[in-house]
Amino acid sequence: MSITKFVMPEVIFGKGSIEQAGEACLRLGAKKALIVSDSGVANAGWLEIVIESCQDAGLAFATFIEMTTNPKDREIEAGCLTFKEQECDAIIGLGGGSALDVAKGVALLVTNGGIISDYEGVDKVHSPLPPMVMIMTTAGSGSEVSQFSVIVDSFREKKMTIISKSLVPDIAIVDPGTLTTLGPDLTAATGMDVLTHAIESYVSIAATPLTDVQAKNALSIVARHLRPSVASRHNEEAKKAMAMASLQAGLAFSNAILGAAHAISHAIGGKYLLPHGEINAILLPHVMEFNRIASPRRFSEIAGIMGIDTRTLTEQEAGMAAIHFVRELSQDIGAPNSLSDVGITREMIDPIGMTALEDACMITNPRDMSLEQINQLLLTAL
Amino acid sequence: MNKLELIDLMTGVKSSKKTYYTELKKTVDQLKKKNMQLEIMNDITKNMNMDIDIQEILRNVIAKLKQLITFDDSHFVILYEEEPALLHICPNGHCELEMDAKNLLYPFQDFSSALKEKQPIQVEVKRLPDFREKERLLSLEIESLLLVPLYGKSKKIGIWTFGRKKKKTWPKDELEFLEQLSNQLALTLENAQLYKEVLHSKQEWEDTFKAVEDMIIVFDHKGAVYQSNDSARDFSDLVPLIEKSQNLIQDTFSFNKPGFQEIPLQHDTILEMYAYPIQNKEHQVYGVIAYYKNVTERRQMEVQLLHAGKLGAIGEMAAGIAHELNSPLTAILGNSQILLRKTPQDNPDYMLLDDIKNCGDRCRQIVKSLLTFSRQDEYRFHYYSINEAIHQVLNLLKYQLGKKQISLHLSLQEDLPFIKGSQPQIEQIIINLLLNAKDALDESEQTEKSIAITTYSENEFLVVQVTDNGTGIEQERLPFIFHPFHTTKDREKGTGLGLSVSLGIAKDHGGKIDVLSTPGQGSTFFLRLPLQAEEERG
């Protein structure tokens with residue numbers, strides 16, 4: 001592809017940037033913002049800071065924090081109702097991927113109408129969304145910069161991937177300070193998600209030089225800083241690095257899209273409501289092994305980017321080394337390494353394949369994947 | 001959608017975030033379009049109830065529509081007495097109605113189905129059967145034709161066509177608008193038609209109202225003139241007429257019933273007035289229509305008819321008497337003649353016998369006059385010279401006139417044509433007129449008594465004018481002088497039948513006798529006889 005396109009929001013980065021939330025939202029012409037967040041973030045005190053920033057900026061606001069991990073369609077409906085009842089005209093998303101995806105879903109429905117499953121798939125949004133300011137509080141989903149929103153359809157028990165440029169927020173606030181309140185498990189899981197974003201977008205068939213830069217940076221940062229970040233809540237340098245990695249991986253996958261790991265992870269997550277980051281951590285090395293033959297050079301490059309000395313290795317060996325590196329990292333930070341670790345049994349695998357095949361992320365996977373191959377991969381990952 | 005297309009949607013250059021700016025622009029564009037649509041609709045609605053020029057409306061609508069919708073050709077096929085007639089409006093905009101439907105041979109099957117389905121149909125020009133317009137459409141490179149049916153409230157009006165050079169399908173919103181527009185337009189066209197019909201019949205009524213020769217005046221509740229026709233406006237005595245009408249108008253208002261009265265006006269004019277109340281839906285009277293008929297002439301004719309009737313009766317009676325008298329008179333005259341011859345003139349009885357014979361002669365003369373009056377004796381018509389007739393009469397009367405020192409002035413036009421009639425009867429009229437003149441001069445104290453006889457032609461009449469400078473006739477007596485037995489003379493001198501009989505003869509000849517008279521100065525009688533006496537007369 002000779003012509004490339006790279007879409008991203010305004011990005012405000014740095015410790016304490018969360019306090020800019022109200023001001024930023026006001027600049028977008030908002031009069032009353034709906035702050036979409038979750039109780040974890042509220043308990044950690046970040047919601048209070050955002051509310052204060054709104055008050056300081058003279059921006060009216062309402063809050064919506066009734067949500068769970070793996071955001072559901074009904075939560076979006078509820079958020080939408082609050083938005084309308086409170087007569088809001090802008091959205092502030094505050095939290096991890098779940099909160100931000102709900103915030104986007106609410107924004108989508110309040111101007112486009114209908115139900116969220118109407119917009120499943122690619123480019124279905126027809127009206128502009130209200131101004132969105134997204135503040136991430138985990139180094140993971142990249143939702144604050146991406147054109148993705150992943151929502152669970154409770155009837156079909158699947159995660160719907162909604163992809164549209166209109167879902168790209170107007171302003172993303174990345175404050176590494178928010179990462180200091182995360183526990184090691186969540187840090188590890190979200191960190192592995194960042195790694196998955198970086199690797200999948202780097203080998204995506206829609207990757208461009210612009211996304212490559214972002215992916216490579218993210219890869220290199222995760223390889224060096226994820227361990228210290230998991231290890232210490234107060235390692236500011238590691239937190240800052242991981243925040244940057246999450247941001248860049250987000251930019252990369254938002255523009256290059258993802259691959260099989262996410263397609264399958266969405267299918268499992270939607271069906272069994274398991275933590276997204278952990279599933280990705282388990283699936284990533286298996287998918288890398290499967291995809292390796294599609295682009296041996298890219299996989300060998302990944303090894304180099306992550307800091308492995310590949311000078312004496314063949315492309316194949318380097319690729320293998322990269323996979324090995326991922327497994328080691330996953331193990332080091334205490335992420336689960338098999339599906340059975342998170343409670344998946346052989347019987348539960350069956351319904352996953354078909355759903356995964358239909359996921360938009362499968363489209364950009366570098367290697368074509370059949371149902372049997374997905375099932376095989378899942379069996380291996382058990 | 002294949003994989004590449006999906007990737008393009010996710011990462012391609014064309015995938016863009018929806019912004020309010022572009023959406024606003026779209027909305028504004030849509031509003032502009034809607035505005036234009038409303039404007040066009042408004043244009044049509046505005047003209048709904050007025051006397052409109054259909055072609056003018058179409059021209060305006062098409063001009064505006066061109067800003068809204070892309071098309072390269074448009075025309076109307078209007079059903080004119082069930083046959084399609086073509087009205088060109090676009091692209092060259094000339095709006096003549098081509099009525100020659102038979103030559104048109106429109107692909108009526110497609111038109112019918114568009115009308116039947118009541119919705120637009122798109123057809124390909126190339127596939128249409130041959131018809132005259134097709135050539136023009138093809139020459140304009142029109143590939144597709146949209147047929148939009150025009151439906152009024154009740155009936156089919158026609159088809160509105162839109163031609164496009166490109167065979168693109170019409171977007172739904174444009175079709176919807178065209179349908180709405182055509183509905184509105186059809187209604188307007190239908191209304192215009194109805195309006196014209198109403199206007200036409202109104203005009204007809206107004207013309208009728210105007211054309212009535214009798215006067216029609218509509219009065220309002222105050223008795224003032226609300227409307228009147230031309231005859232009423234031209235009537236010279238309108239003001240007194242209206243004044244004299246007021247009572248009946250008020251009565252008509254009060255009693256809500258038609259009324260009638262006769263209105264006499266100056267110059268013996270008589271009008272009959274009929275008044276009718278005009279009611280509203282609640283049967284309240286809000287006006288009165290008065291209808292005036294000038295019956296002056298009719299009345300005069302009735303008087304004349306009465307006169308003629310009288311004359312007829314008298315004639316029959318006279319004829320009867322005359323016949324009865326003829327036999328005894330013959331005996332009287334014959335016997336007195338015999339006796340006179342036998343009696344010497346010195347016999348004292350001779351005078352008595354001569355008197356009997358003279359009176360008998362007189363009686364026979366009277367009987368003859370009576371028979372003439374009652375047309376019991378007929379004459380045959382032939383061509384004669386009026387001047388000659390006058391000379392004949394004068395041969396008889398010259399002596400008598402001369403004896404009375406009456407000078408006679410003749411002024412006879414020489415080149416008068418012969419006229420058809422009974423010369424002896426006409427001579428009798430002239431004798432009558434001359435004897436009357438002589439009598440008038442007898443009673444007059446004029447020192448220079450004269451009678452002038454003049455003949456001349458005037459229009460279609462030949463006129464014998466007899467003028468004397470005698471006593472003249474009083475104005476009040478003039479209407480009666482032609483009545484039988486009307487006389488001012490002594491019993492011995494006149495029977496009172498002269499003028500009456502003369503008038504009868506004149507009328508039998510298609511002529512008439514008029515008189516002008518000034519008491520103390522004299523009279524002039526005009527005997528007018530038609531130059532071309534009617535063939536069947538006599």
*Calculate, axis by axis, the spread of Cα positions in the range B:243-293 along the three principal axes, and write the results as whole Å, longest axis first.*
43, 16, 13
*Can you list the residues of the range B:18-33 that have at least 50 square angstrom less accessible area with all protein chains present than in their chain by itself, probe 1.4 Å?*
B:18, B:20
_Step by step: find N for chain B, compute 2.2 N^0.38 Å, then divide the Cα radius of gyration by it. What's the final number?_
1.94
_the range B:350-466, relative contact order [Cα under 8 Å, separation at least 6], %_ = 28 percent
*Which semi-axis lengths, in whole Å and largest first, follow from the square roots of five times the eigenvalues of the Cα gyration tensor of the protein assembly as shown?*
135, 29, 21
*If you take the square roots of the eigenvalues of the alpha-carbon gyration tensor of the range A:51-91 and sort them as a ≥ b ≥ c, do you get rounded (a/c under 1.5), prolate (a/b over b/c) or oblate?*
oblate
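What is the range B:320-473 by shape, rounded, prolate or oblate, if you read a ≥ b ≥ c off the alpha carbon gyration tensor as root eigenvalues and call it rounded for a/c under 1.5, prolate for a/b larger than b/c, and oblate otherwise?
The shape class here is oblate.
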*asked:* Give me the Å³ per residue figure for the convex hull around the C-alpha atoms of the range B:157-220.
replied: 108 Å³
*How far is the Cα center of the range A:329-364 from the Cα center of the range A:1-50, in Å?*
31 Å
*For the range B:287-446, with all protein chains present and a 1.4 Å probe, just round the carbon and sulfur fraction of the accessible area to a whole percent.*
54 percent
*Return, for the Cα atoms of the range A:243-351, the radius of gyration and Dmax in Å, separated by a comma.*
14.9, 44
*Using the structure shown, select from A:31/A:124; B:64/B:196; B:134/B:168; A:124/B:14; A:158/B:17; A:5/A:72 the pairs with a Cα to Cα distance greater than 24 angstrom.*
A:31/A:124; B:64/B:196; A:158/B:17; A:5/A:72
*Heavy-atom accessible area of residue B:251 with all protein chains present, probe 1.4 Å, nearest 10 Å²?*
70 Å²
*Value of relative contact order over chain B, rounded to a whole percent, pairs C-alpha under 8 Å and six or more apart*: 7 percent
*Measure out, as a whole number of angstrom, how far apart the alpha-carbon centroids of the range B:288-334 and the range A:168-201 sit.*
138 Å
_Quick query: amide H of residue B:229 versus all other amide H atoms, modeled in the peptide plane; which residues come in under 5 Å with a sequence gap of 5 or more or a different chain?_
B:216
*What is the log10 of I(q)/I(0) for the range B:175-270, computed with the Debye formula using one identical point scatterer on each Cα and no solvent, at q = 0.12 Å⁻¹?*
-0.58
_Leaving out ligands, DNA and RNA, and with a 1.4 Å probe, what % of the accessible surface on the range A:1-101 is carbon or sulfur?_
49 percent
*Considering the Cα trace of the range A:318-380, what is its radius of gyration and what is Dmax, both in angstroms?*
13.7, 35
*asked:* Could you compute how much accessible area chains B and A hide from each other, both sides summed, with a 1.4 Å probe? Nearest 100 Å² is fine.
replied: 1900 Å²
*residue B:223's amide H: which non-local residues (gap 5+, or another chain) put their own amide H closer than 5 Å, with H modeled 1.01 Å from N in plane and none for Pro or chain starts?*
none
*Per residue, how much accessible area does the range B:233-379 show when a 1.4 Å probe rolls over the protein heavy atoms, in square angstrom?*
68 Å²
*asked:* Please compute the volume of the convex hull spanned by the alpha-carbon atoms of the range B:282-377 and report it per residue in Å³.
replied: 146 Å³
*asked:* Let me cross-check residue A:27: its accessible surface, 1.4 Å probe, with only protein heavy atoms counted, in Å² to the nearest 10?
replied: 140 Å²
*Go ahead and collect, in residue order, the members of the range B:279-318 whose backbone nitrogen is under 14 Å from a label point 7 Å along the Cα-Cβ direction of residue B:270.*
B:293-307
*Between Rg and the Kirkwood Rh of chain A, both from Cα atoms, what is the Rg to Rh ratio?*
0.95
*What number comes out for the charge environment of residue A:273, summing +1 per Lys or Arg and -1 per Asp or Glu over other residues with Cβ under 10 Å away?*
+2
*Amide H contacts of residue B:158 (H built 1.01 Å from N, under 5 Å, at least 5 apart or other chain)*: B:79, B:150
_Rounded accessible area per residue of the range A:190-335, 1.4 Å, Å²_ = 33 Å²
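The values are calculated or read from the model by the stated rules, or taken from the named source; none is laboratory data. In this text, all values refer to a predicted model and were calculated from it rather than measured experimentally. Cβ sites come from the backbone with ideal geometry, for glycine too, and all protein chains shown count toward neighbours. These accessible areas exclude ligands, DNA and RNA; they are computed on the full protein's heavy atoms, side chains included. Shrake-Rupley method; radii C 1.70, N 1.55, O 1.52, S 1.80 Å.
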